[in-house]
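One structure is given below, encoded as structure tokens.
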Ligand code: URP
Ligand code: ZN
Ligand code: ZN
């Protein structure tokens, strides 16, 4: 009862806040290149989506969805509304929660350059592809989390959809530990990423990893890892250069799957030692996936996130004779040889892996060419924020590997649950934010750099076609994508604070108590007096 009252209060606050932010954002209506001008989309404070199949992770039904002021008010058949309400006909189509991408890098400084999609162009691309929220990684400034957070707050001012932040931890001292608490208690961050690779820049060692895991646990925050053995990668890179292999294929050869498997296993064991939940980002190989499967089978709380590139591509592109074509596929961990993709799909369909990200981190051809003579200098990262929803549908649902409800779970709901923002996000329920897509399973999509909305000039999925199409995207109750037209405005997006202690922390204290009592120590010994 108290919980429902709190939720109602929370909703009233949201309604007030969202109407305030709407009136503010109307002042920012300078549309970007390639995007139509509008005032926060086809604005209507009241919307009725009629006759579609409404899909949640737990259930699907034919129903109408009524939206007022950015919030879903009712989900039921045959809702009657006055004439001034905007109608969208969804007959024969799916009405689903907008996608939530748990893993992006917009406007990130990395490898001597900056990703070309910023918070406006990256999010515009996302909306055209049916993703309505993403969680981006804040990189500390000179090790300072507070300075990093402030820098990303500025970058995100031009947002046109909602977003949250993870925080990377790149060094360790008392001030980082203190700032982690500030991030969780004051800034709405509930996850910290540790890079086990990128030696000499972002990489941390096992001592830091352990201290970081302990701190995450004490704050109820989720520890995330980029799992590759960075020392071995460094040696692998030297080996390739000594062998005269300087092109993009050297990237994959220098960091084989065994190094991803080793780091994944190590991170899992250290998380077990600390007894804290672990989230493994961009799982790219059978080796890493099997470590996650083993840990989950033993009861350990480990989440595995494959990314679209790893699910639908193999490494053949890296051997392309054209440098730029090959370089566009360079990301870490690398896209693996054929076989890993299918195994990751199977793991996703059986619940061994839980949700799909993109690791959207794009550099244009000029930036990729920094590594023309040495693959170690090719900025690492690929696109995916616009393509994820279509490719996951085509690869997983259209192929018969998962149901439509599972599709909603792995593209939206599970992310909202893990990062503790469900059911505000990730659901079509009364009270949830009106972040909604209308998806036509009988239509089709085709991907090309010539028509995508990202600022980059290449696309790793160039020419790919498939079944299904996001026909309408609604974000915060505003129609921003319809009839292949995008109407977005910088400044419309909101920062979503994510509270600590998600469901993954349930039972952690009990397991700790059990461990403590299992020790049968210290043994009481009596000192001999003779
Ligand atoms: O190649 C990648 N993955 N670039 C982005 C940084 C990261 O490791 O997530
Ligand atoms: Zn990473
Ligand atoms: Zn990443």
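The values are calculated or read from the model by the stated rules, or taken from the named source; none is laboratory data. None of these values were measured; they are calculated from a predicted model. Backbone-built Cβ (ideal geometry, glycine too); neighbour counts: all protein chains shown.
The rows are residues; the columns are (1) out of contact with any strand residue (DSSP E or B) (no Cβ under 7 Å at 6 or more places or on another chain); (2) more than 16 Å from ligand 2 (Cβ to nearest atom).
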residue: 286; (1), (2): yes, yes
residue: 293; (1), (2): yes, yes
residue: 299; (1), (2): yes, yes
residue: 322; (1), (2): yes, yes
residue: 335; (1), (2): yes, no
residue: 350; (1), (2): yes, yes
residue: 363; (1), (2): no, no
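Checked against the criterion of being touching a strand residue (DSSP E or B) at 6+ places or on another chain (Cβ under 9 Å) and either away from ligand 2 (no atom under 14 Å from the Cβ) or more than 19 Å from residue 172 (Cα to Cα) (or both), the candidates 215, 255, 239, 269 yield just one match: 215. For beta carbons closer than 6 Å, sequence separation of 6+ or different chains, a first residue in region 471-492 that is closer than 19 Å to residue 46 by Cβ and a second that is modelled with pLDDT under 95 and in a loop (DSSP other than H, G, I, E, B), the qualifying pairs are 478/40; 478/41; 478/43; 479/41; 480/41; 487/38; 487/41; 492/40. A Cβ distance below 8 Å, combined with a sequence gap of six or more or placement on separate chains, defines the contacts here; from region 177-196, residues that are more than 15 Å from residue 138 (Cα to Cα) reach residues that are within 16 Å of ligand 2 (Cβ to nearest atom) and in a helix (DSSP H, G or I) in the pairs 196/209; 196/230; 196/263; 196/266; 196/267. In region 197-224, the residues that are on the phi > 0 side of the Ramachandran plot reach residues that are more than 16 Å from ligand 1 (Cβ to nearest atom) with C-beta atoms within less than 6 angstrom, at least six apart or across chains, in these pairs: 220/500; 220/501; 220/505.
Just to verify a result, which residue in region 125-142, among those that are in a loop (DSSP other than H, G, I, E, B) and in contact with a strand residue (DSSP E or B) (Cβ under 9 Å, 6 or more places away or on another chain), is nearest to residue 281 (Cα to Cα)? Break it down into steps so the answer makes sense when it comes.
Taking region 125-142 first, the residues in a loop (DSSP other than H, G, I, E, B) are 129-130, 139-140, 142.
When the remaining residues are screened for being in contact with a strand residue (DSSP E or B) (Cβ under 9 Å, 6 or more places away or on another chain), the result is 129-130, 139-140.
Numbers: 129: 22, 130: 22, 139: 16, 140: 19 Å.
By that ranking, first place goes to 139.
The condition (being buried (at least 23 other Cβ atoms within 10 Å of the Cβ) and within 15 Å of ligand 1 (Cβ to nearest atom)) is satisfied by just one residue among 382, 408, 392: 382. Based on what the data block shows, is residue 131 in contact with a helix residue (DSSP H, G or I) (Cβ under 7 Å, 6 or more places away or on another chain), within 20 Å of residue 362 (Cβ to Cβ) and within 16 Å of ligand 1 (Cβ to nearest atom)? It is false that residue 131 is in contact with a helix residue (DSSP H, G or I) (Cβ under 7 Å, 6 or more places away or on another chain), within 20 Å of residue 362 (Cβ to Cβ) and within 16 Å of ligand 1 (Cβ to nearest atom). Of all residues in region 347-398, those being without any contact (Cβ under 8 Å) to a residue 60 or more places away in the chain and either within 21 Å of residue 138 (Cα to Cα) or within 16 Å of ligand 3 (Cβ to nearest atom) (or both) number 1. Take the residues in region 427-443 that are in contact with a helix residue (DSSP H, G or I) (Cβ under 9 Å, 6 or more places away or on another chain) and surrounded by fewer than 22 Cβ atoms within 10 Å (Cβ to Cβ), then tell me which one is farthest from residue 484 (Cα to Cα). Selected residue: 431. Restricting region 318-328 to residues that are in contact with a helix residue (DSSP H, G or I) (Cβ under 6 Å, 6 or more places away or on another chain) and part of a helix (DSSP H, G or I) leaves a set whose member that is surrounded by the fewest Cβ atoms within 10 Å (Cβ to Cβ) is 319. Being buried (at least 18 other Cβ atoms within 10 Å of the Cβ), within 16 Å of ligand 1 (Cβ to nearest atom) and in a loop (DSSP other than H, G, I, E, B) is a property that residue 362 has.
If you check 166, 251, 226, which single one turns out to be within 16 Å of ligand 3 (Cβ to nearest atom), within 23 Å of the chain's Cα centre (by Cα) and within 30 Å of residue 321 (Cα to Cα)?
When all the criteria are applied, what remains is 226.
Restricted to strands (runs of 3 or more DSSP E) entirely inside region 24-106, those with at least 1 residues that are within 16 Å of ligand 2 (Cβ to nearest atom) and modelled with pLDDT of 95 or more are 99-104. Within region 123-158, the only residue that satisfies the criterion of being over 19 Å from residue 359 (Cβ atoms) and buried (at least 24 other Cβ atoms within 10 Å of the Cβ) is 145.
Every listed requirement among (1) in a helix (DSSP H, G or I); (2) within 24 Å of residue 138 (Cβ to Cβ); (3) away from ligand 2 (no atom under 16 Å from the Cβ) is met by residue 276 save one, (1).
Can you name the residue in region 107-117 that is within 16 Å of ligand 2 (Cβ to nearest atom) and under 15 Å from residue 364 (Cβ atoms) and is also surrounded by the fewest Cβ atoms within 10 Å (Cβ to Cβ) among such residues?
Step one: list which residues in region 107-117 are within 16 Å of ligand 2 (Cβ to nearest atom), which gives 108-111, 115.
Within this subset, residues satisfying the condition of being under 15 Å from residue 364 (Cβ atoms) are 108, 110-111, 115.
Working: 108: 21, 110: 17, 111: 19, 115: 24.
Restricting to residues being within 16 Å of ligand 2 (Cβ to nearest atom) and under 15 Å from residue 364 (Cβ atoms), the top hit is 110.
Residue 351 meets the stated requirement of being surrounded by fewer than 24 Cβ atoms within 10 Å (Cβ to Cβ), under 21 Å from the mean Cα position of the chain (by Cα) and part of a loop (DSSP other than H, G, I, E, B).
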